[in-house]
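The values are calculated or read from the model by the stated rules, or taken from the named source; none is laboratory data. Keep in mind it's a predicted model, so treat the numbers as computed, not measured. Don't worry about glycine lacking a Cβ; one is built from the backbone with ideal geometry, like all the others, and counts go over all protein chains shown. For accessibility, only protein heavy atoms count, side chains too; no ligands or nucleic acids. Shrake-Rupley method; radii C 1.70, N 1.55, O 1.52, S 1.80 Å.
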Amino acid sequence: MRTSQALNLFTHLLVLVGFFAISITGQVDRISISVFLGSLILSFINERFNRDYYLGQRVITALSIILVIYVLTSVVLIGAGVFDEILIFLIYTQVLKLLGRKGMRDIIQIYILSFFQFLAGTILTVDFSYGLAFVIYVALALWAIIAFNMKKESIEASADDDPRVVTPLFLGITGGASFVIFIFTALIFISVPRLGSGFLSSDFIKPEALSTGFSDEVKLGQVGQIKLDSSPVMRIRILNRDPQNIPQPIYWRGIALDEFDGTVWRANNFDRKVYVKNREGIIKEEPKNKSVYQEVITEPIDTYVLFAGGVPVGFQAAGWEKIESVNDSYVIPNRVSYRLKYTVFSDLSVPSDKELREDIGDYPALIRRRYLQLPNLSSRIKELARKITSLDTNVYDKAESIKRYLIENMRYTITLRNGTAGFPLEDFLFKNKAGHCEYFATAMVVLLREIGIPARIVNGFLGGEWNDYGKFFLVRESNAHSWVEVSFPHHGWVPFDPTPPGNEGLLSKDEFSFVASYLDYLKYRWSRYVVDFGQKDQIYLLSQIQDSWRWQKNRVQNKLDFNIKANRKWGIAAIIAAVVAWIFLSKPETRLFFKYVRKRPDERASILYKKALALLSKKGFKKSDFVAPQEFAGRVMRSGRAGARTFGEFTEKYLNLRFGGSGIKSEFEEL
């Protein structure tokens, strides 16, 4: 195969496989599929048979402008999905490149568009056929790049295509090598035992470069500092529910703090408990039917706190044997600075207003002692609490009144001025009347405790960016939040948020954030299926391969048994037909016919001339590569052997067909 032919073939096959990767997802309509395949076939015919069915450059430029205007209008004005329009742009830009004349730069652009099409398939499907397409795409890309470089070198050297370079042996060796490398790498990745912790542990990452996490001691104002950073903290997938049907925004609970000295919140370790893993690998309680299952993958943050939506009722993670709890918050025994991955089961249900209003009773002595603790505060704070709740008769209404007072009378801000009072809380309530979520939550807890209602502050995250590609929440440090949990005699701890509503929600409103969302999705895929590819993933993947192999094997065997029994006569006829075809195709005349039937006249003449030289070589006349055909024909004719003059006439007609540009059918038949 000539270099130009190989380049044409591999380029179009590479384009076909790249398009196949997105067409199997069901996201490409039939019209686009038909247009793309038609353009691909026409492009191949133009390049292979030197046809001239190309679009003019002006037409291609005009169509390109129309395509860009259409995509931008669909996204900006009509509100079409950004990713869908990107697919349309990739498909029809490739169509325009295929229908135009192609230089070496155009071929590079075709390769790039094909790569992005194939990359888009990683978002839309995880089907096994995509994995097969990946193997084929890698081999074709290798062949195409080699053929491209050889063609480029031949152009620079002003040399003709050499048909002896791109041979079946060359293709077999390079294709086999790429396949073996791919399989070997995949087997190593799948079979290497997984370690209990990440490779990039704190020994490899500088602690000061890590995002500061949550701990059992937080200074008032620290959460506000965290909110100034937009670095990713974790990615959370809801496994057993539609996220759209879960009340938004979700509060990702971190750690609850109960002891306050006026400037610092702490977690009292008085009731620290330890939970161990059961037979099912679940730590703490069994998941309930109403539990929401979440898969949490954190960034390398310097913390030991386990985050969960709502109230966690169970955890599951490879390598964990136990976890600890304090204030109904859950932590691993040691602080870590590497990525964590775990599954958490949570209860997101909240009692109704009616149930909470009717919840009346006494608190246990332990609850009163721990969650009514207060530092020495100004008497104005206690007077304010009594004034706000003077008309209320139950815990729920008092909590709602304080919450409403803070929302209506205080202003939310992250930038704070230094106050002059002894405690920052007094500045917030009586002077500045502005602060971030931590001040709102602290104020509510203190006001509730002043009137004898147990309460505590909770630090965690609120909401997050919904990634529609990966179906997960991306939680950033800027989503850090503090809220309040109020104790009820019979319903336990119930969340209240006294901070004025912000813009946290389920979906990102910026249409042009699709690039960042896609990159976040790729990071998630890398973390989930490469960095955190664990033992369970190994077992599941191998069992799937085994089951699929057994099913296909049984299917083929059953089908063969049925066909052999039901179509024995057809089988015998097929064997006879195969033998006859083999005998027919083994004849020299038949092989010669198939060898040059599709060639140009000059190529056919060369094949016949080489055949004649082979016959003369057996008679003792061997032509050297440095001897011209006329000189060799004269030597044969001077020998006086029988048929020598015929070879002279044969040589004359061969040269006329080969170099004279004559392609008359009668002349070829005479030859």
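Some observations on this one:
- Flag if Ile31 is open to solvent by 70 Å² or more (accessible area, probe 1.4 Å), under 28 Å from Val135 (Cβ atoms) and in a helix (DSSP H, G or I): no
- Restricting attention to the stretch 425-435 and to residues that are buried (at least 21 other Cβ atoms within 10 Å of the Cβ) and of a type outside the set (Phe, Trp, Tyr), the residue that is modelled with the highest pLDDT turns out to be Leu429.
- Leu655 touching a Pro at 6+ places or on another chain (Cβ under 8 Å), open to solvent by less than 100 Å² (accessible area, probe 1.4 Å) and either modelled with pLDDT under 75 or not basic (Lys, Arg) (or both): yes
- Scanning the stretch 72-92 for residues that are at pLDDT 90 or above and open to solvent by less than 30 Å² (accessible area, probe 1.4 Å) returns Leu90, Ile91.
- Pairs linking a residue in the stretch 130-154 that is at pLDDT below 85 and open to solvent by less than 20 Å² (accessible area, probe 1.4 Å) to a residue that is hydrophobic (A, V, I, L, M, F, W, C) and part of a helix (DSSP H, G or I), with Cβ atoms under 9 Å and 6 or more positions apart or on different chains, are Ala133/Val17; Ala133/Phe20; Ala133/Ala21; Ala133/Phe118; Ala139/Phe179; Ala139/Phe182.
- For Lys623, the stated conditions hold: it is within 28 Å of Met1 (Cβ to Cβ), basic (Lys, Arg), at pLDDT 75 or above and surrounded by 12 or more Cβ atoms within 10 Å (Cβ to Cβ).
- In the stretch 375-401, the qualifying residues are those that are touching a residue at least 12 places away in the same chain (Cβ under 8 Å) and assigned to a loop (DSSP other than H, G, I, E, B), and the one that is most open to solvent (accessible area, probe 1.4 Å) is Asn376.
- Taking first residues from the stretch 93-116 that are farther than 17 Å from Ser64 by Cβ and open to solvent by 50 Å² or more (accessible area, probe 1.4 Å) and partners that are modelled with pLDDT of 95 or more and not aliphatic (A, V, I, L, M), no Cβ contact under 6 Å between residues at least 6 apart in sequence or on separate chains turns up.
- Among the residues of the stretch 234-283, those that are open to solvent by less than 20 Å² (accessible area, probe 1.4 Å) and modelled with pLDDT under 85 comprise Gly281, Ile282, Ile283.
- In the condition set (1) farther than 21 Å from Phe10 by Cβ; (2) small (Gly, Ala, Ser); (3) at pLDDT 90 or above, Gly100 is compliant with all but (1).
- For the stretch 436-477, the tally of residues that are open to solvent by 10 Å² or more (accessible area, probe 1.4 Å) and of a type in the set (Val, Ile, Thr) stands at 1.
- Residue check for Glu355: surrounded by fewer than 21 Cβ atoms within 10 Å (Cβ to Cβ) and modelled with pLDDT of 90 or more: yes
- Of all residues in the stretch 485-513 being touching an Asp or Glu at 6+ places or on another chain (Cβ under 7 Å), modelled with pLDDT of 90 or more and within 26 Å of Gly435 (Cα to Cα), the one that is surrounded by the fewest Cβ atoms within 10 Å (Cβ to Cβ): Pro495
- Candidates in the stretch 450-469 are the residues that are outside any strand (DSSP E or B) and touching a Phe, Trp or Tyr at 6+ places or on another chain (Cβ under 7 Å); of these, the one that is farthest from Val264 (Cα to Cα) is Tyr469.
- Residue in the stretch 410-422 that is surrounded by 19 or more Cβ atoms within 10 Å (Cβ to Cβ), in a loop (DSSP other than H, G, I, E, B) and modelled with pLDDT under 90 present: no
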